[in-house]
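**Q** One structure follows; several queries about it will come next.
The values are calculated or read from the model by the stated rules, or taken from the named source; none is laboratory data. Values in this document were obtained by computation on a predicted structure and should not be read as measured data. When we count neighbours, we look across all protein chains shown, and the Cβ atoms used for this are built from the backbone with ideal geometry, even at glycine.
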Amino acid sequence: MKLFIILIIVTLFSCSNMLVLPFCLISNPELEGPAANSPALSSNVIEFFTIASTGEGSDFGDLTQDNAYSAGLASPTRGVIGGGYFIETPATVNYIDYVTIQTTGNAQEFGDLNNAARMPGACSSTTRGIFAGGRTSPSNYLNVIEYVTIATTGNATDFGDLTVTTGWLGGTSNQIRGIFAGGYSGSPLGFVNMIDYITVASTGNATDFGDVLVELGGKGACSDAHGGLG
C-alpha cells in the first residue's frame with residue numbers, strides 16, 4: 001500500500017497523523033502578504049508525493065476554496081484541512097475540507113470549525129482529529145481546542161483549552177496523546193516555549209508537558225508511535 005503526504009502549496013502541511021510540517025514560511029507572524037517572506041496569494045492547489053521514494057510532488061486536486069495558513073491532519077484513509085486565511089480579502093476562515101488520501105481529486109466540504117483561525121496546530125489519532133490555537137488578527141490569539149471524527153463529516157466540537165493563547169504552533173501525536181509546542185502569543189506578545197499535551201480520545205483542557213529549548217513559532221513536528229520531535 002502506498003503512503004502519501006498531501007500538501008498545499010503556500011500552506012505546506014502534512015496529512016500523515018505521524019507528521020506535521022510547518023504550514024507557512026514567513027519570517028514575522030505579524031506580517032502577511034507582500035510584507036512577509038512568503039507568497040502574497042492564497043492557493044487551492046493540493047499536491048502529493050510517495051514518502052518511500054524521492055522526487056517532486058504531483059497534482060492531487062484542489063481545495064474547495066483558496067487558502068493559506070491552514071492546518072492538516074489525517075487518518076489512514078482521509079486527510080482533513082481546517083482553518084486558514086484568504087489573503088486577498090483578507091479574511092480568517094473556519095471551513096474544513098477533506099480528501100481521500102489513496103485517490104486523487106478535489107477536496108470536499110467536511111464542516112466548520114467553531115472558531116475561525118489561521119495558523120492553528122493539528123494532530124490526530126486514526127479516528128479523531130484535533131485543531132488547537134491559532135489567531136484571528138495580529139493581536140488576537142486563541143487557546144481553544146476542537147475535535148472532529150475523521151470518518152464522518154460535520155462541524156467541530158469543543159474539546160477544551162490550551163494552557164496559553166498561541167498560534168503558529170506545531171502539533172503531533174500517537175494514538176493516545178496529542179502534543180502541541182511552541183508558537184506565537186498575543187498575551188504577552190512574542191514567541192513561546194510551551195509544550196502542552198492532551199489525551200486524544202477524551203475531552204478536557206491541555207496539561208503542561210514541559211518546554212522546548214528555544215522559543216519559536218512555525219514549528220514542524222513529527223513522531224513515531226512513541227514520541228515527537230519538534
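**Q** Hey, could you check region 156-189 for residues that are without any contact (Cβ under 8 Å) to a residue 60 or more places away in the chain and out of contact with any Ser or Thr (no Cβ under 9 Å at 6 or more places or on another chain) and say which is surrounded by the most Cβ atoms within 10 Å (Cβ to Cβ)?
**A** Of everything passing the filter in region 156-189, Leu169 is surrounded by the most Cβ atoms within 10 Å (Cβ to Cβ).
**Q** Would you check which residues across region 148-176 are modelled with pLDDT under 95 and either over 16 Å from the mean Cα position of the chain (by Cα) or farther than 17 Å from Gly83 by Cβ (or both) and list them?
**A** Those that are modelled with pLDDT under 95 and either over 16 Å from the mean Cα position of the chain (by Cα) or farther than 17 Å from Gly83 by Cβ (or both): Val164, Thr172, Ser173, Asn174, Gln175, Ile176.
**Q** Consider Gly105 carefully, then state whether it is in contact with a Phe, Trp or Tyr (Cβ under 8 Å, 6 or more places away or on another chain) and surrounded by fewer than 20 Cβ atoms within 10 Å (Cβ to Cβ). So that I can check it myself, show each step before the final result.
**A** Numbers: in contact with a Phe, Trp or Tyr (Cβ under 8 Å, 6 or more places away or on another chain): yes; surrounded by fewer than 20 Cβ atoms within 10 Å (Cβ to Cβ): yes.
Judged against the criteria, Gly105 is a match.
**Q** Residue by residue through region 39-64, note down the ones that are part of a loop (DSSP other than H, G, I, E, B), in contact (Cβ under 8 Å) with a residue 12 or more places away in the chain and either farther than 17 Å from Ile101 by Cα or among the β-branched types (Val, Ile, Thr) (or both).
**A** Looking only at region 39-64, we keep the residues that are part of a loop (DSSP other than H, G, I, E, B), and these are 39-42, 51-57.
Subset that is in contact (Cβ under 8 Å) with a residue 12 or more places away in the chain: 39-42, 51-52, 57.
Those that are part of a loop (DSSP other than H, G, I, E, B), in contact (Cβ under 8 Å) with a residue 12 or more places away in the chain and either farther than 17 Å from Ile101 by Cα or among the β-branched types (Val, Ile, Thr) (or both): Pro39, Ala40, Leu41, Ser42, Ile51.
**Q** Now for a different question. Name the one entry in Thr64, Thr77, Thr11 that is modelled with pLDDT of 80 or more and either surrounded by 17 or more Cβ atoms within 10 Å (Cβ to Cβ) or under 26 Å from Asn174 (Cα atoms) (or both).
**A** On the way: Thr64 fails: either surrounded by 17 or more Cβ atoms within 10 Å (Cβ to Cβ) or under 26 Å from Asn174 (Cα atoms) (or both); Thr11 fails: modelled with pLDDT of 80 or more.
When all the criteria are applied, what remains is Thr77.
**Q** Only one residue in Asn205, Asn193, Asn143 is polar (S, T, N, Q) and in contact with a Ser or Thr (Cβ under 7 Å, 6 or more places away or on another chain), so which one is that?
**A** Values: Asn205 fails: in contact with a Ser or Thr (Cβ under 7 Å, 6 or more places away or on another chain); Asn193 fails: in contact with a Ser or Thr (Cβ under 7 Å, 6 or more places away or on another chain).
Just one listed residue meets the conditions, Asn143.
**Q** Just to check your reading of the model, which residue among Val144, Val214, Val192 is in contact (Cβ under 8 Å) with a residue 12 or more places away in the chain, surrounded by fewer than 20 Cβ atoms within 10 Å (Cβ to Cβ), among the β-branched types (Val, Ile, Thr) and over 23 Å from Thr100 (Cα atoms)? Outline the logic, then answer.
**A** Details: Val144 fails: surrounded by fewer than 20 Cβ atoms within 10 Å (Cβ to Cβ); Val192 fails: surrounded by fewer than 20 Cβ atoms within 10 Å (Cβ to Cβ).
Val214 is the lone residue from the list that is in contact (Cβ under 8 Å) with a residue 12 or more places away in the chain, surrounded by fewer than 20 Cβ atoms within 10 Å (Cβ to Cβ), among the β-branched types (Val, Ile, Thr) and over 23 Å from Thr100 (Cα atoms).
**Q** Let me ask something else. Residues Gly190, Gly182, Gly204, Gly210: which one is within 14 Å of the chain's Cα centre (by Cα) and not aromatic (Phe, Trp, Tyr)?
**A** Working: Gly190 fails: within 14 Å of the chain's Cα centre (by Cα); Gly204 fails: within 14 Å of the chain's Cα centre (by Cα); Gly210 fails: within 14 Å of the chain's Cα centre (by Cα).
The match here is Gly182.
Results for (1) at pLDDT 95 or above; (2) in a loop (DSSP other than H, G, I, E, B); (3) within 27 Å of Gly190 (Cβ to Cβ), shown as yes or no for each residue.
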position: Gly82; (1), (2), (3): yes, no, yes
position: Tyr85; (1), (2), (3): no, no, yes
position: Thr89; (1), (2), (3): no, yes, no
position: Tyr98; (1), (2), (3): yes, no, no
position: Gln102; (1), (2), (3): no, yes, no
position: Phe110; (1), (2), (3): yes, no, no
position: Ala116; (1), (2), (3): yes, yes, yes
position: Gly129; (1), (2), (3): yes, no, no
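**Q** Strands (runs of 3 or more DSSP E) wholly in region 134-230 with at least 3 residues that are hydroxyl-bearing (Ser, Thr, Tyr) - which ones? It would help to see each step written out before you state the result.
**A** Numbers: elements: 135-137, 144-149, 157-161, 170-173, 177-181, 184-186, 189-191, 194-199, 207-211, 221-223.
Passing ranges: none, list empty.
**Q** Please determine whether any residue of region 39-47 is over 26 Å from Glu215 (Cα atoms), modelled with pLDDT under 90, surrounded by 20 or more Cβ atoms within 10 Å (Cβ to Cβ) and touching a strand residue (DSSP E or B) at 6+ places or on another chain (Cβ under 7 Å).
**A** Yes, that holds for at least one residue.
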